[in-house]
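Remarks on the structure that follows.
The values are calculated or read from the model by the stated rules, or taken from the named source; none is laboratory data. Computed from a predicted structure; not experimentally measured. In this analysis, Cβ positions are derived from the backbone assuming ideal geometry, glycine residues included, and neighbour counts consider all displayed protein chains. Heavy atoms of the whole protein, side chains included, go into the accessibility calculation; ligands, DNA and RNA do not. Shrake-Rupley method; radii C 1.70, N 1.55, O 1.52, S 1.80 Å.
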Amino acid sequence: MDQAEGLRNLVTNPAVSAGLVDRRDKPMGQGPKVISVSSGKGGVGKTNIVANLGLAFSQLGKKVLVLDADLGLANIDVLLGLNSRYTIEHLLKMEKRFSDILIKGPGGMSIIPAGSGVLELVNLNEEQKLFLLNEFDQHADLWDLLLIDTAAGISSNVIYFNTAAHDCMIIATPEPTSITDAYALIKILSMKHSRKEFMILVNQVSGEKEAKEVFKKINKVVDRFLGSLSLDYLGFIPFDENVSKAVRFQKAVLEIYPRSPSSRSFTELAKLIDEKPLGDKGNGNVQFFWKKLLQSTREG
């Protein structure tokens, strides 16, 4: 499929007519900012952060697409109590179209759900990546922001999603294992894949003092062993009992407890990121993201 045909498909895209996305006031060719959200270890609240950050951006008037990139273990749709009849697995098997698998989340954000318990999705081959490149390329102009919720750890999928994104956000908590594993992820991305800029968000802390201590520990070991990397402290999400309550209700805390401490932090975080320039300038669109993704896998 050539680019001209892709653009024609955009004009008649079923996702637009179905109300899943809104392309009003969106200039053609101006694709989304791409941010990967990762953690060295699981259990740090990464998916919860993606869900609430996506809602916070939506409340700022941004058109948000969330990719659940833990491709073999679906998370975000379950967290938000959403019914995902079709997933990225159906798209890769060409059983469904891109617009068929999109589901609408809180605030009107769009979500691409992952498959659950699908081993074949854990490590995508190059043919599958080329197919996804074409699909995302056709729909790039529909969103302002693409948030990628990667799996935890250092799998090949995690590495190439982080390598390709404009900005890479690493989530850490005060737990020593979380700090150690966050450093391990930064080390691999910087030494083997030339990633030089990282945003650090600290989760589940009592306040700014504890959050800055976590950041200082990560920054200290990075300075000692990895040299001149840029670590940008984004702030913190405080420990908030309303977060666990929202999880039990399968809702975003920002949706049902908008005045809670964590909700206020998500709103401020979205404003902060929205005002930041792109970490890796690229050409500012999603085509850049997928081209870098393919380059990283070929080089690896």
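A few points about this structure:
- For Glu197, the solvent-accessible surface with a 1.4 Å probe is about 80 Å², rounded to the nearest 10.
- For region 161-228, the share of accessible area belonging to carbon and sulfur comes to 51 percent (1.4 Å probe, ligands and nucleic acids excluded).
- Per-residue extension of 0.36 nm, minus the Cα-Cα distance of Ser230 and His90, leaves a gain of 46.5 nm for this segment.
- Of Lys62/Lys251; Lys46/Lys220; Lys62/Lys271; Lys104/Lys271, those spanning more than 18 Å from alpha-carbon to alpha-carbon: Lys62/Lys251; Lys46/Lys220; Lys104/Lys271
- Working from label points 7 Å from Cα in the Cα-to-Cβ sense, the Lys271 to Lys220 distance is 3.3 nm.
- Per residue, the accessible area of region 205-248 comes to 62 Å² when a 1.4 Å probe rolls over the protein heavy atoms.
- Residues Arg97 and Glu175, FRET efficiency given R0 of 51 Å [Cβ-Cβ distance, rounded to 0.05]: 0.75
- In nm, spacing of pseudo-spin labels at Ser155 and Asn123 (7 Å Cα→C-beta vector): 1.1
- Here the extension length gained between Arg248 and Lys192 equals 16.2 nm, from 0.36 nm per residue of separation less the Cα-Cα distance.
- Three-way shape label, region 129-198, alpha-carbon gyration tensor, a/c 1.5: prolate
- Surface accessible to a 1.4 Å probe, Lys245 within the full protein complex, Å²: 80
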